[in-house]
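Remarks on the structure that follows.
Taken together, the values in this text are just the output of simple stated rules run on the coordinates, not laboratory data. Owing to the predicted nature of the structure, the values given are computational and were not obtained by experimental measurement. Quick reminder, even Gly has a Cβ in these numbers, built from the backbone with ideal geometry, and neighbours come from all protein chains shown.
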Amino acid sequence: MQKIVLVGYMAVGKSTVGKILAENRQIKWVDLDKIIESNTKLSVSEIFQEKGEIYFRKQEHLEFLKLIKAEEDLVISTGGGTPCYANNHLLLNGNNVVSFYLSASIDAIYYRLKEHTAERPLVANQSEEELKEFIAKNLFDRSYYYHQATFKINTDGKTPEAIVKEIEALLN
C-alpha cells in the first residue's frame, strides 16, 4: 500500500495539492490536522490554547503513525511541523512511502499567511515584521526535517495543478 506524504511549511499548498493528487490517482486523501480536529472535537488553534503544543504533537505523531501503517493507498497532507517532532521525519522514507517537500520562498509564504494569521496558532497576533522574521527563523529550524523527504518541489509561482503534474512525473 503506497503512502504519498506531503510535507512543508504552513501555506505552501499541502492540502490543496494533496486533494487534487488523490483525485487524479483515485485514492483517499487525508489531512492530518483535520483528523486530529475530528478526533478531539477542537480546532488546531483550540488544541494549542487549551491543551498545549506538546499534547497536539503527541496526537499528531500517533495519527501519522496510524496513517503510515494503514492498509490502503493514501495521500497524506501533514501539518507544517509534523516532520519536526517525535522522529516523524524517520517515517518519510519507509517501505511504500514516497514523500515530497513542498517548498516556498519566505516572501511567498508571508504573502499567503498574512491574511490568515488568526487561524494559525504559531503566527497569531504577530505584526508584519514579526511574521516575516518568524517564518525565516522557523524555516531555518525546520529545514533539516523537511529535507528528509524523498523529493523537493518549489511551489513559488506555480498552480496546484502544475505542482501535481511535477509530483506525478516523479511517481511514474
Qualifying residue in segment 130-143 (condition: of a type in the set (Ser, Thr, Tyr), closer than 23 Å to residue 92 by Cβ and surrounded by 13 or more Cβ atoms within 10 Å (Cβ to Cβ)): yes
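Mind checking which residues of segment 9-33 are small (Gly, Ala, Ser) and in contact with a Pro (Cβ under 9 Å, 6 or more places away or on another chain)? Spell out how you get there, then give the answer.
If we filter segment 9-33 for residues that are small (Gly, Ala, Ser), which is where we start, we get 11, 13, 15, 18, 22.
Scanning segment 9-33 gives a single hit, 13.
Can you pull out the residues in segment 63-84 that are hydrophobic (A, V, I, L, M, F, W, C) and more than 18 Å from residue 103 (Cα to Cα)? Don't jump to the end; show me each part of the working.
To start, the set of residues in segment 63-84 that are hydrophobic (A, V, I, L, M, F, W, C) comprises 64-65, 67-68, 70, 74-76, 84.
64, 65, 67, 68, 70, 74, listed by residue number.
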Output for segment 115-167, where each listed residue is within 14 Å of residue 103 (Cβ to Cβ), in contact (Cβ under 8 Å) with a residue 40 or more places away in the chain and basic (Lys, Arg): 142, 152
Count of residues meeting criterion [in a loop (DSSP other than H, G, I, E, B) and within 17 Å of the chain's Cα centre (by Cα)] in segment 133-158: 6
Contacts under 7 angstrom Cβ, first residue in segment 87-103 being within 11 Å of residue 2 (Cα to Cα), partner hydrophobic (A, V, I, L, M, F, W, C) and buried (at least 21 other Cβ atoms within 10 Å of the Cβ), 6 or more apart: 97/5; 97/91; 98/4; 99/5; 99/7; 99/92; 99/149
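Could you check segment 97-112 and list, in sequence order, the residues that are among the hydrophobic types (A, V, I, L, M, F, W, C), out of contact with any Gly (no Cβ under 9 Å at 6 or more places or on another chain) and either under 21 Å from residue 123 (Cβ atoms) or surrounded by 21 or more Cβ atoms within 10 Å (Cβ to Cβ) (or both)?
If we filter segment 97-112 for residues that are among the hydrophobic types (A, V, I, L, M, F, W, C), which is where we start, we get 97-98, 100, 102, 104, 106, 108-109.
With out of contact with any Gly (no Cβ under 9 Å at 6 or more places or on another chain) added as a condition, the list becomes 97-98, 106, 109.
106, 109, listed by residue number.
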